[in-house]
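In what follows, a structure is listed as structure tokens, so that the remarks can point back to it.
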Amino acid sequence: MKLPRNILDELIAVAKKTQPEEGCGILAGRDGEITEFFEMENVAHSSEWFELRPEDQFRVVKDIRAKKLKMLGIFHSHPASPARPSELDIQHAFYPDCLYFILSLEDEANPTLKAFTIIEDEVARKTFEIID
Ligand SMILES: [Zn+2]
């Protein structure tokens with residue numbers, strides 16, 4: 001999976017803007033390359049949990065299809081914990097084909113982004129490439 005640097009910068013900006021709550025959104029693209037980030041409201045407004053509004057999700061998925069792209073990733077931030085899926089993240093991971101991107105602001109000067117697949121409670125770290 002390839003992630004353009006400008007989108008990485010956007011993810012960091014959203015995470016910083018929404019803290020102490022978790023920030024979230026959907027990543028889309030094609031051929032293993034992310035081309036768009038859709039920032040979404042964390043309707044849980046929680047520092048330990050995120051939830052997307054079903055209507056928002058439906059709208060974004062429609063938009064992605066209209067642009068002939070695919071949903072490739074689900075993004076959320078961890079304002080004060082490491083970049084790995086929490087128990088709740090694992091329980092609510094319903095997209096085995098997507099990468100779960102988690103950005104940790106635990107060390108605010110050095111935001112850490114990691115990607116995982118979560119398939120039937122099985123978490124696997126995945127590598128991705130930042131491209132310019
Ligand atoms: Zn999480």
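State all residues of segment 48-79 that are surrounded by 14 or more Cβ atoms within 10 Å (Cβ to Cβ) and hydrophobic (A, V, I, L, M, F, W, C); if no residue qualifies, say none.
Trp49, Phe50, Leu52, Val60, Val61, Ile64, Leu69, Met71, Leu72, Ile74, Phe75
In segment 78-100, which residue that is of a type outside the set (A, V, I, L, M) and within 8 Å of the ligand (Cβ to nearest atom) is nearest to Lys126 (Cα to Cα)?
Going through the qualifying residues, I end up with Pro85.
Being more than 16 Å from the ligand (Cβ to nearest atom), open to solvent by 20 Å² or more (accessible area, probe 1.4 Å) and free of Cβ contacts under 8 Å to residues at least 60 places away in the same chain is the requirement here; does Arg5 meet it?
Working: more than 16 Å from the ligand (Cβ to nearest atom): yes; open to solvent by 20 Å² or more (accessible area, probe 1.4 Å): yes; free of Cβ contacts under 8 Å to residues at least 60 places away in the same chain: no.
In short, no.
Going residue by residue through segment 89-111, is there one that turns out to be in contact with a His (Cβ under 7 Å, 6 or more places away or on another chain) and among the β-branched types (Val, Ile, Thr)?
Yes - at least one qualifying residue is present in segment 89-111.
Mind checking which residues of segment 112-127 are touching a residue at least 12 places away in the same chain (Cβ under 8 Å), surrounded by fewer than 18 Cβ atoms within 10 Å (Cβ to Cβ) and either part of a loop (DSSP other than H, G, I, E, B) or not basic (Lys, Arg) (or both)?
Thr112, Thr117, Ile119, Glu120, Asp121, Val123, Thr127
Restricting to segment 26-47, and then to whatever is of a type in the set (Ser, Thr, Tyr) and more than 23 Å from Thr117 (Cβ to Cβ), can you tell me which residue is most open to solvent (accessible area, probe 1.4 Å)? Outline the logic, then answer.
First, pick out the residues of segment 26-47 that are of a type in the set (Ser, Thr, Tyr): 35, 46-47.
Those left that are additionally more than 23 Å from Thr117 (Cβ to Cβ): 46-47.
Working: Ser46: 28, Ser47: 63 Å².
The extreme case among them is Ser47.
Output the residues belonging to segment 93-109 that are open to solvent by 80 Å² or more (accessible area, probe 1.4 Å) and either aliphatic (A, V, I, L, M) or over 15 Å from Gln19 (Cβ atoms) (or both).
Phe94, Tyr95, Asp97, Ala109
Would you kindly identify the helices (runs of 4 or more DSSP H) lying entirely within segment 1-92 that contain at least 1 residues that are among the small types (Gly, Ala, Ser)?
Ranges flagged: 5-18, 54-66.
Kindly indicate the residue of segment 26-40 that is of a type outside the set (Val, Ile, Thr) and within 16 Å of the ligand (Cβ to nearest atom) and also nearest to Val14 (Cα to Cα) among those meeting that condition.
Met40
The values are calculated or read from the model by the stated rules, or taken from the named source; none is laboratory data. Note that the structure is a prediction, hence the values are computed from the model and not measured. Cβ sites come from the backbone with ideal geometry, for glycine too, and all protein chains shown count toward neighbours. To get the accessible areas, we keep the full protein, side chains included, count just its heavy atoms, and leave off ligands, DNA and RNA. Shrake-Rupley method; radii C 1.70, N 1.55, O 1.52, S 1.80 Å.
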